[in-house]
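Asks: One structure, as structure tokens, below. Some questions next.
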Amino acid sequence: MAYVIFFEKPGCGNNSRQKAWLAAAGHQVDARNLLAEPWTADTLRPFFGQQPVAQWFNRAAPRVKSGEVVPEALGEAEALAMMLAEPLLIRRPLMEAAGQRVAGFDPEAVDAWLGLHPATVARLAGQNAEACLHPEAAPGAKPCPDPA
């Protein structure tokens, strides 16, 4: 099984579920605070690979939900600068394992990369495993509380 460095927003219920799925598959999860990490463009950029810039963003971030930040309108340098200034904009989780770095949690992709428990994969088929767990987190709603 793999050793997974898992950058999360502490207190995020979705990140907690994702870590549990990895642990249930036998992976060792080293959870780290994405918001407190001293990111640079050089350390953050590799997590996004060949994804389009718009896919680098956390769609549940308040400034994205409000329309203040429009990921589709940004170039790579501008997006990275915004994320370094405001890590809540970064798509979560960021994971590093087996020599690869990835942003986001697509269960099928994670299963192909590291392996997940078959029951987890079956249960999540066709679901968005990154969607916010809080139904009240609609546009204009308060985001999850910041970690202490």
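The values are calculated or read from the model by the stated rules, or taken from the named source; none is laboratory data. None of the values given here were measured: they were computed from a predicted structure. Reconstructed Cβ throughout: ideal geometry from the backbone, glycine too, with neighbour counts over all protein chains shown. When the accessible area is computed, the model is the full protein with side chains, heavy atoms only, and any ligands, DNA or RNA have been set aside. Shrake-Rupley method; radii C 1.70, N 1.55, O 1.52, S 1.80 Å.
Residues are listed down the side, and each one gets a yes or a no for (1) open to solvent by 70 Å² or more (accessible area, probe 1.4 Å); (2) outside any helix (DSSP H, G or I); (3) farther than 19 Å from LEU34 by Cβ; (4) at pLDDT 95 or above:
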| site | (1), (2), (3), (4) |
| --- | --- |
| GLU68 | yes, yes, yes, yes |
| MET83 | no, no, no, yes |
| GLU96 | no, yes, no, yes |
| PHE105 | no, yes, no, no |
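Asks: Across the range 39-66, what is the total count of residues that are open to solvent by less than 30 Å² (accessible area, probe 1.4 Å), aromatic (Phe, Trp, Tyr) and farther than 13 Å from GLY104 by Cβ?
Replies: 0
Asks: If you don't mind, another one. On the given criteria, is ARG92 outside any helix (DSSP H, G or I), in contact with a helix residue (DSSP H, G or I) (Cβ under 8 Å, 6 or more places away or on another chain) and either without any contact (Cβ under 8 Å) to a residue 40 or more places away in the chain or surrounded by fewer than 20 Cβ atoms within 10 Å (Cβ to Cβ) (or both)?
Replies: Values: outside any helix (DSSP H, G or I): yes; in contact with a helix residue (DSSP H, G or I) (Cβ under 8 Å, 6 or more places away or on another chain): yes; either without any contact (Cβ under 8 Å) to a residue 40 or more places away in the chain or surrounded by fewer than 20 Cβ atoms within 10 Å (Cβ to Cβ) (or both): no.
So ARG92 fails the test.
Asks: Are there any pairs with C-beta distances below 7 angstrom linking a residue in the range 62-75 that is without any contact (Cβ under 8 Å) to a residue 24 or more places away in the chain and farther than 11 Å from LEU89 by Cβ to a residue that is outside any loop (DSSP other than H, G, I, E, B) and among the aliphatic types (A, V, I, L, M), with the two at least 6 apart or on different chains, and if so which?
Replies: Between residues of the range 62-75 that are without any contact (Cβ under 8 Å) to a residue 24 or more places away in the chain and farther than 11 Å from LEU89 by Cβ and residues that are outside any loop (DSSP other than H, G, I, E, B) and among the aliphatic types (A, V, I, L, M), the close pairs are GLU72/ALA54; GLY75/VAL53.
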